[in-house]
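First comes the structure, then the notes that go with it.
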Amino acid sequence: LVHDYRMGEAIAKPGFQNVRRTLLEEPLDDFFFDQSYRHALGASRPKADGQARAQVVNLDVRRKIADLPLAGMPHLGSGITWERGGSRVMATPNLRRGAVSVIDMKDWSVVREIETAGPGFFMRSHEKTPYAWVDAMMSPGRDTLQVIDKRTLETVARLRPEPGRTLA
């Protein structure tokens, strides 16, 4: 085994900005980092029960600090954040469920599950707009783009500019 960490090679050296490993209960393969880059939200592949797992890892203390109760398979890498009611929230589409999960980033609780036209891949917004857009491209409703009001967390429009074509 050449260049294998199990042989003592590539082990992190103490000091600033060196590689560090944080052991977790299970591997994570989809990530979202908060604005400070102190927290990584990570999701794992679905287990035998069909549910993916999601957790919050504090990178300063190098341990899991919260489990995220997100059913299906959240696509954290497409998540977005914004200020809402004096708190920062994060929203993520779901690859297996027709829902967007909105999470309070202070206590890592789910604020709301917003029903969508079907499982989606992308979610986008901009800090200067009160709206977020989410697709349903992983479903029969793949030709529908949903517009969500970030203040009320309600769907305000469903767009189908080219019925039958994938919209993302």
Sorted on mean Cβ neighbours within 10 Å (highest first), peptides 89-100, 111-122, 32-43, 156-167 come out as 89-100, 111-122, 32-43, 156-167
Among region 93-134, those whose backbone N falls under 17 Å of a label point 7 Å along Cα→Cβ from Glu154 are 112-116, 130-132
Using each residue's phi in region 92-108, evaluate 6.51 cos²θ - 1.76 cosθ + 1.60 at θ = phi - 60° and report the 3J(HN,Hα) Karplus result to the nearest Hz, with x for Gly and Pro.
9, x, 10, 7, 10, 10, x, 7, 10, 9, 10, 10, 6, 7, 7, 10, 6
Please give the charge dipole size of region 22-150, origin at the Cα centre, charges +1 on K and R Cβ atoms and -1 on D and E Cβ atoms. Round to the nearest 20 debye.
120
Whole-percent carbon and sulfur contribution to the accessible surface of the chain (1.4 Å, no ligands, DNA or RNA) stands at 52
Aspartates and glutamates whose Cα lies under 12 Å from that of Lys106, excluding same-chain neighbours fewer than 8 positions away:
Asp34, Glu83
Give a residue-ordered list of calculated ³J(HN,Hα) values for region 116-131 (Karplus: 6.51 cos²θ - 1.76 cosθ + 1.60, θ = phi - 60°; whole Hz; x for Gly, Pro).
10, 5, x, x, x, 10, 10, 9, 9, 6, 8, 4, 9, 10, x, 10
List the residues, sorted by chain then number, that are 5 or more residues from Trp82 or on another chain and whose placed amide H is less than 5 Å from its amide H.
Val89
Convert each backbone phi in region 27-36 into a coupling constant with the Karplus relation 6.51 cos²θ - 1.76 cosθ + 1.60 (shift: θ = phi - 60°), then list the ³J(HN,Hα) values in order as whole Hz, x for Gly and Pro.
x, 10, 9, 9, 10, 9, 10, 6, 4, 7
Leading residue at positive end of dipole, the chain (Cβ point charges), from Ala43, Val147, Asn94
Ala43
Three-way shape call for the chain based on the alpha-carbon gyration tensor, with the a/c threshold at 1.5:
prolate
Only four residue types carry charge here, +1 at the Cβ of Lys and Arg and -1 at the Cβ of Asp and Glu. Report the dipole size of region 106-168 about the Cα centre in Debye, rounded to the nearest 20.
140
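The values are calculated or read from the model by the stated rules, or taken from the named source; none is laboratory data. A quick note: this is a predicted structure, and the numbers were derived from the prediction, not measured. Positions of Cβ are generated from backbone atoms using ideal geometry, with glycine treated the same way; all protein chains shown enter the neighbour counts. These area figures cover heavy atoms from the full protein model, side chains too; ligands, DNA and RNA do not enter into them. Shrake-Rupley method; radii C 1.70, N 1.55, O 1.52, S 1.80 Å.
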